[in-house]
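Where a number appears in this text, it was derived from the coordinates with a stated rule and is not lab data. Everything numeric here is computed off the predicted structure, so don't read it as measured data. Here Cβ is always computed from backbone atoms with ideal geometry, including for glycine, and neighbour counts include all displayed protein chains.
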Amino acid sequence: MARMVAGGGGDQYVPFENRKGGESIVYFTRDLSAEGLEKIFKKVSSALEGKVAVKLHTGEKDGPNIIPRPWVQNLFEKELSDYEAASIIETNTYYAGDRDTTEKHRATIKHNGWTFAPVDIMDEDGAVSLPVHGGKWFTEMSVGKNLINYDSMLCLTHFKGHMTGGFGGSNKNIGIGCADAKEGKKMIHMADSGKMWGIAQEELMERMAESTKATVDYFGKHVCYINVLRNMSVSCDCEGVAAAPVVTPNIGIVASLDILAADQAGVDLVFALKEEDYKDLVKRIVSRHGLRQLSYMKELGMGNDRYVLIDLDNGEERVWPEKAVEGVVPFTS
């Protein structure tokens, strides 16, 4: 299986001992609840200040796998209320559906119950370009205009599979989720031939990471990342009720001030599962060359793929992913 390969391509998993460079801190809890999310948020919230943008996938109508709304509401009421202002941020979609216009998007947001906090559809009034430093595909990325109204960002991500990206972590949440619908998302997905979904595999991962870098560089040290490893279908939440059934066990929540470390830890925890539990999601990640997201973020200097995993459930013990997933049971819901 791919987990044993030591190479660096997007279809090859690199074991921890084969990685080089510095280490970042990643926090971990198995507590998949509002309290667990609040607990781990406190470990990375030092990055936030002023007006806080909460980048969250609010989902298609009745999407079954998104982060539970009560968890997010609890976070807004108990933690995010301490800041000058906090809003959920989204952009309209590139694909046709219930979120490709602001009017339809707001109706979907209301239908899904995201009514306890402001929801800013950032490209409602247009877009703004942010520089991409060191990229090979872009020199700038078009993002929702309202992004620059915020001082800091909480990237709150439902970690899962993805039809074209292999997996969707913090990188996908920002790279696709902050790009505006009319221009930015087209820049990422459209080939020179004009084919709407003409970009795939390694190049798509690289374009997505460069888009993310534009936003991450804009906020600098004032951004933190939380990945919720729960209800992990091989499908993205953009597929809504049509998403493939969940067969991967629930794992927990990871958080970091390092986007690469956060996404790498999420991937490592999935790969650390028993083969019969991880095979579907791993197959999706590898077959789409999704691991290129990680190696290219490292090449762009966006973070470390080596990290120390701090287990908040056991006195902040330092653990390996294999130990963190001990006792995880197959998904049965």
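Taking amide H atoms as placed 1.01 Å from N in the peptide plane, the amide H of residue 306 lies under 5 Å from those of 24, each 5 or more residues away in sequence or on another chain.
When the helices of the chain are scored as -39500 (n - 2.57) per DSSP H run of n ≥ 4 and the total is divided over every residue, the value at 222 nm lands at -9000 deg cm²/dmol. Starting from the Cα of residue 83, step 7 Å toward the Cβ, then list every residue of region 39-61 with an amide N under 18 Å from that point. The answer is 39-58, whose backbone nitrogens lie closer than 18 Å to the label point.
Electrostatic tally near residue 109: other residues with Cβ closer than 15 Å to its Cβ, Lys and Arg +1, Asp and Glu -1, net -3. Relative contact order for region 115-246: 30 percent, from Cα pairs under 8 Å spaced at least 6 residues apart, divided by residue count. Between region 78-138 and region 32-50, the alpha-carbon centres lie 21 Å apart.
Ordering 197, 89, 294 by the projection of their Cα atoms onto the charge dipole of the chain, which places +1 on the Cβ of Lys and Arg and -1 on the Cβ of Asp and Glu, puts 197 at the extreme positive end. For the options 222, 111, 289, a Gaussian network treatment of the chain with springs between C-alpha atoms closer than 10 Å singles out 111 as fluctuating the most.
Placing +1 on the Cβ of every Lys and Arg and -1 on the Cβ of every Asp and Glu, with no other charges, gives region 167-321 a dipole of roughly 400 debye about its Cα centre. Semi-axes of the equivalent ellipsoid of region 2-324 are 26, 23, 20 Å, computed as sqrt(5λ) over the eigenvalues of the C-alpha gyration tensor in descending order. Structure remark: mean-square fluctuation, Gaussian network model of the chain, C-alpha springs under 10 Å; the largest value among 256, 170, 81 belongs to 81.
Projecting the Cα atoms of 161, 119, 12 onto the charge dipole of the chain, computed from C-beta unit charges around the Cα centre, puts 12 farthest toward the positive end. Computed over region 121-236, the P(r) curve from all C-alpha pair distances, binned at 5 Å from the origin, holds 2, 12, 21, 24, 21, 13, 5, 1 percent per bin. Do any GluC sites (Glu not before Pro) in region 237-333 lie in a DSSP loop with no more than 15 other beta carbon atoms within 10 Å, and if so, which? Counting only loop positions with at most 15 other Cβ atoms within 10 Å, the GluC sites (Glu not before Pro) in region 237-333 are 316, 326.
Taking GluC sites (Glu not before Pro) across region 61-140, the ones in a DSSP loop with at most 11 further Cβ atoms lying within 10 angstrom of their Cβ are 84. Running a GNM on the chain with Cα contacts under 10 Å, which residue among 143, 319, 14 ends up with the highest mean-square fluctuation? Judging by the Gaussian network model, the answer is 319. Once backbone amide H atoms are built at 1.01 Å from N, residue 141 has 130, 132 as its partners under 5 Å, excluding neighbours fewer than 5 places away on the same chain.
All other residues whose Cβ lies under 9 angstrom from that of residue 261 are scored, Lys and Arg at +1 and Asp and Glu at -1, for a net of -3. Given Cα pairs under 8 Å that are at least 6 residues apart, what percent is the relative contact order of region 208-252? Relative contact order here is 33 percent.
Mean separation of Cα pairs under 8 Å and 6 or more residues apart, divided by the residue count, gives the chain a relative contact order of 26 percent. Look at where the Cα atoms of region 168-213 and of region 249-285 average out, and the two centres are 22 Å apart.
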